[in-house]
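Working notes for the structure below.
The values are calculated or read from the model by the stated rules, or taken from the named source; none is laboratory data. These figures come from a predicted structure and were not determined experimentally. FYI the Cβ positions are ideal-geometry reconstructions off the backbone, even for glycines, and counts take in every protein chain you see. Accessible surface areas use protein heavy atoms only, side chains included; no ligands, DNA or RNA. Shrake-Rupley method; radii C 1.70, N 1.55, O 1.52, S 1.80 Å.
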Amino acid sequence: MHKEALDLLDNLSGEDKRIVDKFFREVYRQEREHYWSITKLFYHAMYIPMFLQIAQKYYPEQVYIDTHSGPGLAKIGGSDRDVILGSPLLALRWPKIIAENVKQFRKIEKGFTRLYYIDKDPRRISVLKRLSGEPANVNLSVGDANLLLPKIDVPGNAIVYLFVDPYGSLESQLGYEALKTFVAGKRVDLMINVLAPNIAQGLSSIRNKNTLLARIEKLFGEAFCDNRLCEKLGITQPLCNPGPKKASHILRAYWCTLKRLGYRKYSILPVKFKGTILYYMVLAVKGSGKWIDGYKEFIHLHAPKDYKTLKNLWLEATGRLASLSRFLEQ
Ligand SMILES: C[S@@+](CC[C@H](N)C(=O)[O-])C[C@H]1O[C@@H](n2cnc3c(N)ncnc32)[C@H](O)[C@@H]1O
């Protein structure tokens, strides 16, 4: 998979290379070793085969939606060659790679029946268009995911894997209305990057009560700060009053919101770096979610705890488990 990413990178036109470089500079400006992208993409890559294997048995259509797709390549380290497939291309190419390499997943070769990619940056979507090769089952759109997600028309016999990976700013988040409208009446497994520390910081900086309430309503829905509802949901009022907020308030608000939208099971995977929580990957399912338990256990038991091992898996370095597909065979 690393080789595929490098091939794509090496064949980019000059203009596309500039767009990708700019994306890398914007997304990965703080750390030389990009621990946060490597981990979220690891969780994503591990969920895809498990989702497809079970979903294919029960649903004729398996749909993938990436609301904040980026251009299709991600950077996982300081070197120019530390590049891997980003979330949208993982969803497109990884099932075939696994099926060819891991016996127990050989039936998922065809991958998702339809894929939808959204990004508000037209240049990133145009690079992704070229990198994906634009097969007939791939749909790309430019715009705010809050406006575009509710418009996606998913067939009634489908199950959806929705991957939401925004920036940390409040503007970038997928809000309540879009999520509510989209998931209503559908079977949607949701993997969302909850950048709780950033969101808490963003909300803490709002001094005006009405502005704060409008922001919270956008994120977590109408009447979220209604006293009785807060009490029922176990949300402490500080979230709705100007002042400092904690990441734990935000995480709780997300889970309450998901419960209101019909989600019954969830798994929270905190991503830490040097003892600090950077974000939480939250996986939520509406059904009894038998496979979420298997997934949780797999991650808990097998996910490498150290950054170096994880990076080596992605970069297909030598070793006993020399690649992510070998890793899945465990
Ligand atoms: C963290 S990056 C996504 C990385 C991608 N998941 C990957 O694996 O490479 C976030 C992306 O979201 C896009 N974005 C930000 N706000 C958005 C919005 N409201 N709607 C759609 N896309 C948005 C940005 O242009 C950026 O490409």
* Which value, in Å to one decimal place, does the Kirkwood hydrodynamic radius take for the chain when every pair of different Cα atoms is included? -> 20.4 Å
* To do: Scan the chain and report its longest stretch carrying no GluC sites (Glu not before Pro) that are both in a DSSP loop and have at most 16 other Cβ atoms within 10 Å.
  => 110-221
* For Q104 and I268, FRET efficiency with R0 = 35 Å and r from the beta-carbon atoms, rounded to 0.05? -> 0.85
* Asked: Within the set K75/K286; K186/K265; K186/K296, which residue pairs have Cα atoms separated by over 25 Å?
  -> K75/K286
* Residues of the chain: accessible area per residue with a 1.4 Å probe, Å² -> 45 Å²
* What do you get when you divide the Cα radius of gyration of region 30-156 by 2.2 N^0.38 Å, with N the number of residues? -> 1.08
* Asked: How big is the gap, in Å, between the Cα center of region 267-320 and the Cα center of region 43-107?
  -> 14 Å
* Accessible heavy-atom area order of H2, H44, H302, highest first, probe of 1.4 Å -> H302, H2, H44
* Dimensionless Rg/Rh of region 98-147 - Kirkwood Rh, Rg from C-alpha atoms -> 1.12
* Share of alpha-carbon pairs per 5 Å distance bin for region 246-305, given as whole % -> 4, 16, 23, 22, 19, 12, 3, 0
* To do: Return the loop-located trypsin sites (Lys or Arg not before Pro) in region 248-305 (DSSP other than H, G, I, E, B) with at most 12 other Cβ atoms within 10 Å of their own Cβ; answer none if there are none.
  => K274, K305
* Asked: Any idea what the relative contact order of region 33-101 is, in percent, if you count C-alpha pairs under 8 Å spaced at least 6 apart?
  -> 37 percent
